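Take a look at the structure below.
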Amino acid sequence: MHGNRSTVSDITDDVTTAFQREVVRCERIASLNQLCLRFASRIGAKALAYHHLPAIGSPDPIGLNVICVGFPAELVSHFEDNRLIRIEPTIHEILSGGKARWWDDTGPPKKMSKAEREYLEYAASKVGVGLHLPAYGPRGREGYISIGFGDQKPDFDDEVMGALQLCCQLAHQHYCRLLYKPLAPRVRLSPREREILSWVAEGKSNGVIAEILQISETSVITYLERAFRKLEVGNRVTAAMRASTLGELRHM
């Protein structure tokens, strides 16, 4: 992702206003994804990640990365393969604090496990400067947004930070509305479709899922495509997220 530098007034008055107007017009998750990516580019971002999280205490422990663009592939793989969203202490600090904060202004929690400390040290060595932004949705569904700006920290004042957080909040709430749209009464996932999407939510690739279930990778893809049609989505991550939201996933 390549961003162009914007002035503070541009971001507050032009970019964010247009984004807020366009969010409510999105009728599909794919179009909302594209809108968010364009918005990130216009504010000068070089990386964007958006995690959609279940309610605290939910039996569903899944936190899915809906958008992840521009971050180092090694860091993303390390995060996703090890399901580090479950132990990443900064995310929970930001969601509890309720406001946007720069990465380097967010101190580590006083009490951390060894795994948490090792992850934060690893991540700090791989990224530049950026923002944490919390978002809150219906039924306790939370969102965590991370925006990277490379090596140069933008000169954002409190007004801009507030405008950016409002945009993230509106986008997250609209994601929730699209996800909670009910399925047709006669449309339900098959046991195999639920099983495969549950493994997708655990971060498993199609090839690994095929090995686990002892079926061909082609069969996995076929089941996923059927699930896409039923859930009215276009990719595996969004399918897993929507199935989870609607209570259609198995608890692994």
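For segment 91-115, what are the residues that are open to solvent by less than 40 Å² (accessible area, probe 1.4 Å) and either modelled with pLDDT under 85 or not small (Gly, Ala, Ser) (or both)?
Applying the first criterion (open to solvent by less than 40 Å² (accessible area, probe 1.4 Å)) to segment 91-115 yields 91, 94-95, 98, 100, 102, 106, 109.
The answer is ILE91, ILE94, LEU95, TRP102, THR106, PRO109.
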Among the candidates ILE196, ILE215, ILE209, ILE221, residue that is among the β-branched types (Val, Ile, Thr), touching a residue at least 12 places away in the same chain (Cβ under 8 Å) and open to solvent by 20 Å² or more (accessible area, probe 1.4 Å): ILE221
Scan of segment 116-137 for residues that are open to solvent by 50 Å² or more (accessible area, probe 1.4 Å) and either modelled with pLDDT under 70 or part of a helix (DSSP H, G or I) (or both), ordered by number: ARG117, GLU118, GLU121, TYR122, ALA124
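In segment 3-19, is there at least one residue being touching a helix residue (DSSP H, G or I) at 6+ places or on another chain (Cβ under 6 Å), assigned to a helix (DSSP H, G or I) and at pLDDT 90 or above?
In the first step, residues of segment 3-19 are kept if they are touching a helix residue (DSSP H, G or I) at 6+ places or on another chain (Cβ under 6 Å); the result is 3, 8, 11-12, 15-16, 19.
Those left that are additionally assigned to a helix (DSSP H, G or I): 8, 11-12, 15-16, 19.
Then keep just the ones that are at pLDDT 90 or above; that gives 19.
Yes, segment 3-19 contains at least one residue that is touching a helix residue (DSSP H, G or I) at 6+ places or on another chain (Cβ under 6 Å), assigned to a helix (DSSP H, G or I) and at pLDDT 90 or above.
Out of ILE29, ILE56, ILE43, which single residue is at pLDDT 90 or above and either in contact with a helix residue (DSSP H, G or I) (Cβ under 9 Å, 6 or more places away or on another chain) or open to solvent by 30 Å² or more (accessible area, probe 1.4 Å) (or both)? Please lay out each step first, then the result.
Working: ILE29 fails: at pLDDT 90 or above; ILE56 fails: at pLDDT 90 or above.
Criteria check complete, one pass: ILE43.
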Hits in segment 126-145 - residues which are in contact with a Cys (Cβ under 9 Å, 6 or more places away or on another chain) and either within 16 Å of ALA47 (Cα to Cα) or free of Cβ contacts under 8 Å to residues at least 60 places away in the same chain (or both): LEU133, PRO134, ALA135, GLY137, PRO138, ILE145
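The values are calculated or read from the model by the stated rules, or taken from the named source; none is laboratory data. Predicted, not measured: the structure shown is a model, and the values here were computed from it. Note that we place each Cβ from the backbone using ideal geometry, even for glycine, and neighbour counts take in every protein chain shown. The protein model used for the area step is the full one, side chains on, heavy atoms only, and it has no ligands, DNA or RNA in it. Shrake-Rupley method; radii C 1.70, N 1.55, O 1.52, S 1.80 Å.
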